[in-house]
Amino acid sequence: MIEDFFSPLISEFQITYRYKVHFTKDIFQIDNPVLRNFFISEKKQGLVKKVMVVLDERLIQYHPNLVSDIKNYFQDLETFLQLTGDIIQIPGGEECKNNQELWEFLVNAVNTNGVDRHSYFLVIGGGAILDLVGYVAAVSHRGIRLVRIPTTVLSQNDSGVGVKNSINYQGKKNFLGTFAPPVAVFNDLRFLESLDDRDWRSGMAEAVKVALIKDKDFFHWIESNASALLNRNLNTMANLIHRCAELHMDHISNGDPFEFGSSRPLDFGHWSAHKLEYLTQFSLRHGEAVAIGMALDTVYSYQKDFLSKDDCIRILSLLKTLGFSIYHPMLSDGEKRNLYLGLEEFREHLGGQLTIVLLAEIGKSLEVHEMDLKTIDTSVNFLETYL
Ligand SMILES: NC(=O)c1ccc[n+]([C@@H]2O[C@H](COP(=O)([O-])OP(=O)(O)OC[C@H]3O[C@@H](n4cnc5c(N)ncnc54)[C@H](O)[C@@H]3O)[C@@H](O)[C@H]2O)c1
Ligand SMILES: [Zn+2]
């Protein structure tokens, strides 16, 4: 008997996740069925589920009827789906991920509104609010169903279609968070019209990123459509978002969705970008920092002879044509010591061995496990003087 006690027991199981990213326009217009059909498909006989809506308050400025439109939209579904109390409006942008009180306020709202594991969070806003509410949804009752309606280019083509959520803690970005797939995502093109130019542009950095590491043709497509994108052509942006979201989702479902390995192929340009966001106290948008981070790792790849000079110049030119800066003085701050620290923080965040994604050519990445500070130094200097 005692021998049995010492033999290990094994638990092994698989869970299949499946969610759709829908593309639509004017999602809360009463005759738009796409969101309604989703909730109808989730209907359970005899069960009335709750929906807690959280809005990026900036949206109200541009869509003054949004709250009443949402309430009207859900009225028809009342027999099996009920909105909880008032629609919650909170400030968006990175600050919401730094604000512990906001996190607590939302957890408290889950509690006081009796939102259970069969209920939904419906979050509408940019990547920052999506990350915050996704985290609240994931940890409350060990997981409330999450429906995302991303409203920025970056959240529609990258952060909102993935499986991660987070808040910042003790000055460290995305320190608290989980991997928790949403149950559905709805990309509504209409919201993009009110983005300011910086946020319109910023999300394109992630498209350039995914093209650089995975899809040469997509890179060429962005090059050919750069002026339409710059001139805010909504249909061209819709195409960019669709392809970029597809590449991201493809990577998630066929790669390492919960990042068990040390490698993070989608994080090209991100090690220095995360550091730059902090060093600039978030005056840089995530995508703007990623553009600079990609420029740095592109030049580094060239200086290390991984990447050709032609490809290097082509990449820097596209970033500039799209209106991105490819250098920021904070890269050189403290004789670049702050930047070097970013490498160590990136390793800590990933855990395990340092793995940095670089470029072999446009559309093809490679991984290295160390970076040489001298070449980082010359790459930064190169960007500082690059016209
Ligand atoms: N979870 C992930 O996998 C992942 C991936 C990449 C980035 N992120 C995170 O996403 C965040 C950045 O997201 P973002 O670029 O969407 O920026 P954001 O959420 O900070 O939004 C930028 C600004 O745009 C406003 N805004 C949002 N939608 C608008 C609209 N339709 N019209 C006008 N203004 C609008 C916001 O209120 C905010 O002021 C960062 O915190 C980053 O860490 C997460
Ligand atoms: Zn990113």
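Going by a ≥ b ≥ c, the root eigenvalues of the Cα gyration tensor, does the range 1-117 fall in the rounded group (a/c under 1.5), the prolate group (a/b larger than b/c) or the oblate group? In terms of gyration-tensor shape, prolate.
In the chain, helical runs assigned H by DSSP with n ≥ 4 each contribute -39500 (n - 2.57); averaged across all residues and rounded to the nearest 500, the mean residue ellipticity at 222 nm is -14000 deg cm²/dmol.
The Phe23 and Leu373 beta-carbon pair, evaluated with R₀ = 51 Å, returns a calculated FRET efficiency of approximately 0.70. Ordering Gly162, Ile87, Pro150 by the projection of their Cα atoms onto the charge dipole of the range 20-194, which places +1 on the Cβ of Lys and Arg and -1 on the Cβ of Asp and Glu, puts Gly162 at the extreme positive end.
Using only Cα atoms, what is the ratio of the radius of gyration of the range 271-367 to 2.2 N^0.38 Å? Intermediate results must be reported in sequence, preceding the final value.
Details: Rg = 13.4 Å, N = 97, 2.2 N^0.38 = 12.5 Å.
For the range 271-367, the normalised Cα radius of gyration comes out at 1.07.
Annotation: amide H of Lys173 has no partner in the under-5 Å range at sequence separation 5 or more or interchain, hydrogens built in the peptide plane.
Using only C-alpha atoms and all pairs of different ones, pull out the Kirkwood radius for the range 78-140 in Å with one decimal.
On the way: mean 1/r = 0.0812 Å⁻¹.
After inverting the pairwise mean of 1/r, the radius is 12.3 Å.
Select from the range 201-259 those trypsin sites (Lys or Arg not before Pro) which occupy a DSSP coil region and have at most 15 other Cβ atoms within 10 Å, ordered by residue number. Answer in residue order: Arg232. Charge tally for His141 (other residues, Cβ to Cβ under 9 Å; Lys, Arg +1; Asp, Glu -1): +1. The Cα-based radius of gyration of the chain, divided by its Kirkwood radius, gives an Rg/Rh of 1.00.
Across the options Ser332, Leu229, Phe258, the greatest Cα extent toward the positive end of the charge dipole of the range 198-385 (unit charges at beta carbon of Lys, Arg, Asp, Glu) belongs to Leu229. Placing +1 on each Lys and Arg Cβ and -1 on each Asp and Glu Cβ, with no other charges, gives the range 1-113 a dipole about its Cα centre of roughly 500 debye.
Across the range 70-86, computed HN-Hα scalar couplings (Karplus, 6.51 cos²θ - 1.76 cosθ + 1.60, θ = phi - 60°) run 5, 4, 4, 4, 7, 4, 5, 9, 3, 5, 10, 8, 10, 6, 8, x, 7 Hz from first to last residue, x flagging Gly and Pro. Per-residue Karplus couplings for the range 336-342, computed as 6.51 cos²θ - 1.76 cosθ + 1.60 with θ equal to phi - 60°, are listed in order as 6, 5, 4, 5, 4, 4, x Hz, Gly and Pro entered as x.
Of all lysines in the structure, the ones whose alpha carbon falls short of 20 Å from that of Lys374, not counting any fewer than 8 places away in one chain, are Lys275, Lys304, Lys309, Lys336.
Show me the ranking of peptides 37-48, 319-330 by mean Cβ neighbours inside 10 Å, starting with the highest. Walk me through the numbers on the way to the answer.
Values: 37-48: 11.2, 319-330: 17.7.
Sorting 37-48, 319-330 by mean packing, highest first, produces 319-330, 37-48.
Overall form of the range 142-272: prolate. Here a/c, set by the Cα gyration tensor axes a ≥ b ≥ c, is 1.5 or more, and a/b is the larger of a/b and b/c. The charge dipole of the chain, taken about the Cα centre with unit charges on the Cβ atoms of Lys, Arg (+1) and Asp, Glu (-1), comes to about 680 debye, rounded to the nearest 20. Solvent exposure of Asp310, expressed as accessible area, is near 120 Å², computed with a probe of 1.4 Å over the protein chains only.
The base-10 log of I(q)/I(0) for the range 20-194, evaluated at q = 0.10, 0.14, 0.20 Å⁻¹, reads -0.33, -0.68, -1.51 [Debye formula, identical scatterers on Cα atoms, solvent excluded].
Near Tyr19, within a Cβ-to-Cβ distance under 13 Å, what is the net charge of the other residues, with Lys and Arg +1 and Asp and Glu -1? Mind dumping the intermediate values first?
Values: positive: Arg18, Lys20, Arg145, Arg148; negative: Glu42.
Value of the local net charge: +3.
Counting only DSSP beta bridges whose two residues both lie in the range 20-194, roughly 15 percent are antiparallel. Cα extents for the range 200-273 along the principal axes, largest to smallest and rounded to whole angstrom: 40, 26, 20. Each Lys and Arg Cβ is given +1 and each Asp and Glu Cβ -1; about its Cα centre, the range 263-387 then shows a dipole of about 240 debye.
Ratio of alpha-carbon Rg to the 2.2 N^0.38 Å globular estimate for the range 156-195, to two decimals, please.
Working: Rg = 13.0 Å, N = 40, 2.2 N^0.38 = 8.9 Å.
After normalising by residue count via 2.2 N^0.38 Å, the value is 1.46.
Altogether, the Stokes-Einstein calculation at 25 °C and 0.890 mPa s, with the Kirkwood radius of the range 198-385 over Cα pairs as Rh, returns a diffusion coefficient of 148 µm²/s.
Looking at the range 1-59 from every direction and averaging, what is the projected area of its Cα convex hull in nm²? Provide the component values of the computation, followed by the final result.
Working: hull surface 38.3 nm².
Mean projected area of the Cα convex hull: 9.6 nm².
Is the shape of the range 253-310 rounded, prolate or oblate, going by the alpha carbon gyration tensor and its root eigenvalues a ≥ b ≥ c, with a/c under 1.5 for rounded and a/b larger than b/c for prolate? Since a/c reaches 1.5 but b/c is at least a/b, the shape of the range 253-310 is classed as oblate.
The values are calculated or read from the model by the stated rules, or taken from the named source; none is laboratory data. This structure is a prediction, so every number in the text was calculated from the model and none was measured. Reconstructed Cβ throughout: ideal geometry from the backbone, glycine too, with neighbour counts over all protein chains shown. For accessibility, only protein heavy atoms count, side chains too; no ligands or nucleic acids. Shrake-Rupley method; radii C 1.70, N 1.55, O 1.52, S 1.80 Å.
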